[in-house]
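The values are calculated or read from the model by the stated rules, or taken from the named source; none is laboratory data. All of these numbers come straight from a predicted model, not from anything done at the bench. Cβ placement follows ideal geometry from the backbone for every residue including glycine, while neighbour counts extend to all protein chains displayed. Please note that ligands, DNA and RNA were not included when accessible areas were found on the heavy atoms of the full protein model with its side chains. Shrake-Rupley method; radii C 1.70, N 1.55, O 1.52, S 1.80 Å.
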Amino acid sequence: MRSGVASIVPCGRLLALLTGKELERLACGVADIDLAALRRHTRYGVGVSPSQSHVKHFWSALEAFSPEQRRAFLKFIWGRNRLPLTEAEWGDATMRVHALETLTPDQHLPVAHTCFFSIEWPKYTSLHIAKAKLSYAITHCAGIDADNTSEARANALADAFAHLEGDGGAASSDAPRGAASSRLARTSSSETDASNV
């Protein structure tokens with residue numbers, strides 16, 4: 001293995017300075033999701049704030065998840081399973097949390113828009129429901145489709161107007177251009193059904 005790595009990394013002597021874990025971290029990133037870093041790089045949509053109970057349920061659910069579930073969450077919302085290692089690697093990227101407006105929030109799953117690194121989070125009434133719905137979504141809603149849903153367009157428009165009004169970075173300027181993708185999972189009032197749009 002050493003000779004294989006040395007054929008790619010020109011300075012074999014530098015490799016001797018690193019432990020296997022340090023080399024893995026540099027090459028692959030941290031296996032668990034640093035929730036403190038994710039919080040620092042999170043912005044909230046119009047009418048959403050970290051002090052709201054459903055947003056607290058969101059963060060509590062992530063804290064209660066295993067490292068594997070947190071990686072699955074990141075894959076669900078961003079299409080990758082590890083966070084950037086450094087602030088410089090983060091650049092302008094921020095996770096966006098928007099409200100999924102519905103009269104029956106406990107009957108809906110969250111909606112993720114991977115190209116926009118955003119999630120539409122229903123106003124769940126308990127942590128138990130929030131954990132169950134998010135767990136189901138990250139496990140069973142892995143299909144990626146076009147971000148051409150009405151929710152994605154409305155969120156992009158709201159972010160653009162918030163930026164123009166001087167909202168201090170609420171615009172989705174970090175969103176990739178071109179083909180986009182989303183993961184949509186909803187439940188009907190009569191049955192649990194995850195579907196892609």
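Straight-line reach only, C-alpha to C-alpha below 19 angstrom: list the lysines that residue 75 could link to, leaving out same-chain residues fewer than 8 apart.
131, 133
At 0.36 nm per residue, minus the direct Cα-Cα distance, what do residue 21 and residue 53 gain on full extension? Give it in nm, one decimal, please. Mind dumping the intermediate values first?
On the way: separation 32, 0.36 × 32 = 11.52 nm, distance 3.81 nm.
Going from the current span to full extension adds 7.7 nm.
Which residues in segment 93-133 place their backbone N less than 17 Å from a point set 7 Å from the Cα of residue 34 along the Cα-to-Cβ direction?
93-95
By accessible area of protein heavy atoms, probe 1.4 Å, what ranking do 39, 71 get, highest first?
Numbers: 39 105, 71 65 Å².
In descending accessible area the options line up as 39, 71.
Heavy atoms only, 1.4 Å probe, whole protein assembly: order 86, 114 by accessible area, highest first. It would help to have the intermediate numbers written out before the result.
Numbers: 86 65, 114 10 Å².
In descending accessible area the options line up as 86, 114.
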